[in-house]
Each structure stands twice: as C-alpha cells, then as structure tokens.
Amino acid sequence: MDATKNSLLIVDDDSSNLMALSHILSGYKIYTAKNGTSGIEKAEKYLPDLILLDILMPDINGYEVLAAIQKSDKTKHIPVIFISKLDNSDDEKKGLELGAADYISKPFDDMIVKLRVQLQIRIINQLRTIERLSTTDQLTEIPNRRAFDNRLSMEWGRALRENLPISIMMVDVDHFKSYNDTYGHQQGDIALQSIAKIITKTLKRSTDFTARWGGEEFVVLLPNTALDGSRDIGENIRINVERAVIPGAEGLSTKLTISIGLNSQTPARIHTPDNSLDKFISGADSALYTAKETGRNRVCCSNKG
C-alpha cells in the first residue's frame, strides 16, 4: 500500500462489516479492530487520519470509545464517523453532540460511505496544508519562527524532565546588507535559500532542527547535545557555508560567510532567572554579538555554556 495514502481505522465487531467497508474504501490505507478496546489501542498505535466507529459493540460501546479517544493527547484530534444500524435520529444527535464528525447508517450505501469519508479526508488534508504553510518560511522552505518556538518549547520540556543537555545556535549572514546592495535582492534571496540548504544538509540527526529566525538570521536547535558536540556542528556549518559557491544569474558566482552564537545548557528543575527559555536564547544572542564584534566568520560560545 502506498505510504502516502491517508489512513483509516475501522472499528466494528462484525467481520462482514469490516470486509465490506475495507472493500468500499480500498483506496485508503486500512486498519481494522473487532472491539472497542482494540480500537483504542490501534488508534494510539497507528494514529489514523480518520476513524469509522461502530456504536453497538460487546465490550465497550462506540460512545465510550469516542470518549477515550478524545481524552488522549495523541488521538484527540482524529475525527470519528459513527457507523450503526440504529435508525434513530436521537442516536445520530447523541453521536454528533459527543463530537463525532459524521454518521453513516447500516446497511451501507457504497457511494454515501465514499463521499462522507472523502469529505472528512479533504478537510483533514486542507487543515494540514494550512498548518504546514503557517509554519514554513516561504522563501527558504524551512520551518519559520513560529514552528521553531513550538519545537523549542517541546525540547526544553524534555531536557528538563530527563536532565538532558540542549544547545541553540543563532546564525547570522555576514555583511548581508552590502551583499544585497551589490548584487540585488533577488540574488540575496538565492543566497538565503542556499544557506538554508547547507545548514539543513549539515545537520545529521532527525531530532536536530533549523528554522529561519528572520531576515538574514537562522536558528538551530540541538537536543541532547552538550557544548563540545554543538561547537563541532557549528564549525561544520560555518565551514560548509564558507566553502560554498552561491550561484546567480548569467554565471554569477558569489561567496558568503556566517557568524554563529552558541549556547548550551542542561536545564535545572528549579526555575531561576538564569534557568529559563528567554535566558537560553539570549545567551546565544550574546555569543552571536561577540562573534560579529571579533571579526565574523566564527563560532562563539556563551560564557554560560
């Protein structure tokens, strides 16, 4: 099955219903569960895009399954379509009041099933596109500052809980205003795109994260990375940018350098003014200022590092 397809979880204690729905919806990646308990477990495990949920089941009913799904942080955003042979508007009303996205009656009408599932999947995909666009920098196509703030909050919390080191780098393109004045803003955009690609390619771990901070500044987050390791990564980024030839129109080739401010910390469980996200970021900012004041094209570390 194509891994890019949207996925569905069908929860029904009747094997014939599972087979019928799996056949009708064969264009999707299908998971099935034969009771409510298994449905909850598979929802947590597979995180499907949409759940089709029978109401009447022998162990726990669909209403209780929906409540459990809504209670979990992992699954609470997954829409649910109730499926039932109950032909009663009160049952439909109850399901919708509990937060179900839609309601399909048995026996199944193939076209109705397809259309109602297609509608929910279309909504899901549109919302994801909106979310992706709202967290992506349009010029460089890497995450933007909003996405970084969300990631930083998550990784800082993990470092705090697990007593792990965490590092942040503020990256600034040297003499970028002069570069823009000399070659034009279109070439400046190409330069920023090139540097974003170099930073992204230099980072090797899936947990490492880079974003455009704004203007000619980038930011890099290195979870579970202490000072020595982050300094090495910073040097690799600096060297790769320094060595890169930035292409331009009509065979134009240019070069740029970057300055990097680095701060590494293992957050303490006790909150103090020196143990905060703001202080963590400002430490990297201060180190970046030092890097630019002492000659640029270098990595400087915060004294707190």
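Would the stretch 242-249 turn up any residue that is touching a Phe, Trp or Tyr at 6+ places or on another chain (Cβ under 9 Å), on the phi < 0 side of the Ramachandran plot and in the same structural domain as residue 152 (by TED's automatic domain parsing)? Yes: the stretch 242-249 contains one or more residues that are touching a Phe, Trp or Tyr at 6+ places or on another chain (Cβ under 9 Å), on the phi < 0 side of the Ramachandran plot and in the same structural domain as residue 152 (by TED's automatic domain parsing). Touching a helix residue (DSSP H, G or I) at 6+ places or on another chain (Cβ under 9 Å), free of Cβ contacts under 8 Å to residues at least 24 places away in the same chain and among the β-branched types (Val, Ile, Thr), is that true of residue 129? Spelling it out, it is not the case that residue 129 is touching a helix residue (DSSP H, G or I) at 6+ places or on another chain (Cβ under 9 Å), free of Cβ contacts under 8 Å to residues at least 24 places away in the same chain and among the β-branched types (Val, Ile, Thr). Evaluating residue 141 against the criteria (1) modelled with pLDDT of 90 or more; (2) part of a helix (DSSP H, G or I) leaves one unmet condition, (2). Of the listed requirements (1) closer than 25 Å to residue 127 by Cα; (2) modelled with pLDDT of 95 or more; (3) out of contact with any strand residue (DSSP E or B) (no Cβ under 7 Å at 6 or more places or on another chain), residue 28 misses just one: (3).
Determine if the stretch 159-176 includes at least one residue that is among the aromatic types (Phe, Trp, Tyr) and at pLDDT 95 or above. Looking through the stretch 159-176, at least one residue is among the aromatic types (Phe, Trp, Tyr) and at pLDDT 95 or above.
When restricted to residues that are part of a helix (DSSP H, G or I), polar (S, T, N, Q), in contact with a strand residue (DSSP E or B) (Cβ under 7 Å, 6 or more places away or on another chain) and more than 14 Å from residue 261 (Cα to Cα), the stretch 195-244 contains 1.
Of the residues in the stretch 160-171, not one is more than 23 Å from residue 26 (Cβ to Cβ), in the same structural domain as residue 295 (by TED's automatic domain parsing), charged (D, E, K, R) and touching a Lys or Arg at 6+ places or on another chain (Cβ under 6 Å).
For the stretch 258-277, state whether one or more residues are surrounded by fewer than 22 Cβ atoms within 10 Å (Cβ to Cβ) and either in a helix (DSSP H, G or I) or on the phi > 0 side of the Ramachandran plot (or both). So far as the stretch 258-277 goes, yes, one or more of its residues are surrounded by fewer than 22 Cβ atoms within 10 Å (Cβ to Cβ) and either in a helix (DSSP H, G or I) or on the phi > 0 side of the Ramachandran plot (or both).
Answer with yes or no whether residue 278 is more than 25 Å from residue 180 (Cβ to Cβ) and not polar (S, T, N, Q). So that I can check it myself, show each step before the final result.
Details: more than 25 Å from residue 180 (Cβ to Cβ): yes; not polar (S, T, N, Q): yes.
So residue 278 passes the test.
Against the condition closer than 30 Å to residue 212 by Cα and of a type outside the set (Asp, Glu), how does residue 147 come out, does it pass? Against the criterion (closer than 30 Å to residue 212 by Cα and of a type outside the set (Asp, Glu)), residue 147 qualifies.
The values are calculated or read from the model by the stated rules, or taken from the named source; none is laboratory data. Owing to the predicted nature of the structure, the values given are computational and were not obtained by experimental measurement. Cβ coordinates were reconstructed from backbone atoms using ideal geometry, including for glycine residues, and neighbour counts include every protein chain displayed.
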